[in-house]
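Values in this text are rule-based calculations from the coordinates and carry no lab data. In this text, all values refer to a predicted model and were calculated from it rather than measured experimentally. Quick reminder, even Gly has a Cβ in these numbers, built from the backbone with ideal geometry, and neighbours come from all protein chains shown.
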Amino acid sequence: MKKLFIAAFMFVSIFGTKVMADIKMGIILGFTGPIESLTPAMAASAELAFKEASDSGSLLGGKKIEPVRADSTCVDSAAATAAAEGLISGGVAAIMGADCSGVTGAIATNVAVPNGVVMISPSATSPGLTTLDDKGFFFRTAPSDARGGQILADVTKDRNVKSVAITYTNNDYGKGLADVYEAAAKAHGIKVTAVTAHEDGKADYSSEVATLASAGGDAMAVIGYLDQGGKGMIQAALDSGAFDKFVLSDGMIGQSLVDAFGKGLSKSFGTMPGSTGKGAGVFADVAKASGIDSSGPYTGESYDAAALIVLAMQAGGSADRASIAKNVMDVANAPGTKIYPGQLKKGLDLLAKGKKVNYEGATGVTFTSVGEAEGSFLEQEVKGGKFKTKKQR
């Protein structure tokens with residue numbers, strides 16, 4: 001009987017220690033839907049930062065993080081909200097995500113902010129999120145499309161495109177970026193021949209392409225998603241011979257698109273948030289060592305979002321939700337010792353000693369006063385069957 005009691009006590013103690021040590025952290029991304037080919041690397045990058053903090057032994061005296069995934073779908077706000085509610089009822093301390101702007105805004109407004117849970121999105125870029133009434137709980141490591149559209153127009157001008165027809169996915173992301181891009185292109189003297197929305201999930205986009213083709217243009221700008229309507233628009237354009245040059249938004253940059261169209265994209269180009277700075281190179285090495293392909297969009301931003309959460313916890317000395325929110329800005333910006341990918345233990349140890357850190361991360365993180373990245377962009381082109389970075393913008 002005594003042995004049984006001791007065994008039972010040991011089981012309870014061990015189980016209790018695990019429960020006490022583990023901090024649940026939400027990761028909500030579109031594992032199904034129009035960007036599903038991008039999200040596995042994004043999630044793996046965030047989990048890499050959480051693992052690095054857990055393995056360091058320095059997080060809040062040796063606590064571990066348990067990542068919990070949920071599917072935002074990218075496009076279904078009701079499903080995304082329900083998934084986020086599941087994460088929060090499950091006790092997550094914070095959320096890395098969401099991804100697409102519409103579902104991100106819905107989760108923030110309806111779930112995260114009312115429950116006082118920090119969200120750090122690596123990829124929601126709608127300008128509308130800048131003025132979200134977030135009570136200090138929403139941040140993003142991706143820059144706003146208010147700048148992204150301007151950069152895309154700059155690249156279009158520099159590529160000597162004189163006229164462009166624009167199609168965009170009919171949601172917050174697509175409309176917001178298309179509006180900025182159209183205005184910036186016109187300011188550069190580029191003729192915008194037509195602007196038309198497309199719906200995701202259709203089997204055929206020939207009618208939409210026909211409308212754009214009748215207006216003409218040196219290129220078709222595709223502001224959308226590479227696994228859904230954006231891909232369909234390119235397919236219809238190539239099949240009909242309407243366009244052979246495509247200007248691609250960040251949601252269209254990904255290896256699956258090149259795999260699908262090969263030489264059909266040889267004249268195409270686009271932009272995505274990213275950096276060629278020190279942190280980007282360090283992150284590429286750290287990710288590669290863990291078997292993660294960091295070349296796709298928003299992998300660095302995902303790592304950085306997760307890293308900011310763990311550093312904010314350490315800065316406040318607690319996994320308390322309000323404490324995390326209070327400390328995100330402090331660890332993201334100067335002053336303090338610069339911290340890069342692979343250096344989270346260094347950052348955690350400095351914070352434990354009451355020192356300041358300035359998290360540079362993979363993307364050169366600097367937050368504006370509303371908690372979004374100032375950001376830089378990478379000009380992308382298709383070379384040798386892959387998207388390649390031409391230069392940083």
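At-a-glance table
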{"read-out": "Thr271 vs. criteria of a type in the set (Ser, Thr, Tyr), in contact with an Asp or Glu (Cβ under 7 Å, 6 or more places away or on another chain) and either assigned to a strand (DSSP E or B) or closer than 25 Å to Arg147 by Cα (or both)", "value": "yes"}
{"read-out": "Unique residue being more than 23 Å from Gly375 (Cβ to Cβ) and not in a loop (DSSP other than H, G, I, E, B) when the list is Leu87, Leu129", "value": "Leu87"}
{"read-out": "Residue match in the range 109-124 (condition: buried (at least 24 other Cβ atoms within 10 Å of the Cβ) and assigned to a helix (DSSP H, G or I))", "value": "yes"}
{"read-out": "Top-ranked residue of the range 303-318 - restricted to ones that are over 23 Å from the mean Cα position of the chain (by Cα) and closer than 14 Å to Lys63 by Cα, ranked as surrounded by the most Cβ atoms within 10 Å (Cβ to Cβ)", "value": "Gln314"}
{"read-out": "Residue count, the range 194-230 (criterion: free of Cβ contacts under 8 Å to residues at least 60 places away in the same chain, buried (at least 24 other Cβ atoms within 10 Å of the Cβ) and assigned to a strand (DSSP E or B))", "value": "4"}
{"read-out": "Among the residues listed as Asp172, Asp99, Asp71, Asp134, the single one being farther than 30 Å from Ser54 by Cβ and acidic (Asp, Glu)", "value": "Asp172"}
{"read-out": "Residue list for the range 233-252, filter: within 23 Å of the chain's Cα centre (by Cα) and either surrounded by fewer than 24 Cβ atoms within 10 Å (Cβ to Cβ) or in a strand (DSSP E or B) (or both)", "value": "Phe246, Val247, Leu248"}
{"read-out": "Options Thr131, Thr141; residue that is closer than 30 Å to Ala93 by Cα, within 16 Å of the chain's Cα centre (by Cα) and not aliphatic (A, V, I, L, M)", "value": "Thr141"}
{"read-out": "Meets criteria (in contact (Cβ under 8 Å) with a residue 40 or more places away in the chain and either in a loop (DSSP other than H, G, I, E, B) or more than 18 Å from the chain's Cα centre (by Cα) (or both)) for Asp293", "value": "yes"}
{"read-out": "Residue under evaluation Glu182, criteria (1) surrounded by fewer than 22 Cβ atoms within 10 Å (Cβ to Cβ); (2) part of a helix (DSSP H, G or I); (3) over 24 Å from the mean Cα position of the chain (by Cα), criterion not met", "value": "(3)"}
{"read-out": "Residue within the range 343-350 that is assigned to a loop (DSSP other than H, G, I, E, B) and either farther than 20 Å from Ile65 by Cα or of a type in the set (A, V, I, L, M, F, W, C) (or both) present", "value": "no"}
{"read-out": "Residue list for the range 320-342, filter: of a type in the set (Val, Ile, Thr) and more than 17 Å from Phe138 (Cβ to Cβ)", "value": "Thr337, Ile339"}
{"read-out": "Out of Phe367, Phe377, sole residue that is surrounded by 15 or more Cβ atoms within 10 Å (Cβ to Cβ), over 30 Å from Val258 (Cβ atoms), in contact (Cβ under 8 Å) with a residue 24 or more places away in the chain and of a type outside the set (S, T, N, Q)", "value": "Phe367"}
{"read-out": "All positions within the range 68-84 that are closer than 23 Å to Thr169 by Cα, of a type outside the set (Asp, Glu) and either in contact with an Asp or Glu (Cβ under 6 Å, 6 or more places away or on another chain) or not in a helix (DSSP H, G or I) (or both)", "value": "Ser72, Thr73, Cys74, Val75"}
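Conditions tested, residue by residue: (1) surrounded by fewer than 18 Cβ atoms within 10 Å (Cβ to Cβ); (2) over 27 Å from Gly364 (Cα atoms); (3) touching a helix residue (DSSP H, G or I) at 6+ places or on another chain (Cβ under 7 Å).
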position	(1), (2), (3)
Ser89	yes, yes, no
Ala93	no, no, yes
Ala98	no, no, yes
Ser126	no, no, yes
Thr131	yes, no, no
Phe137	no, no, yes
Ala153	no, no, yes
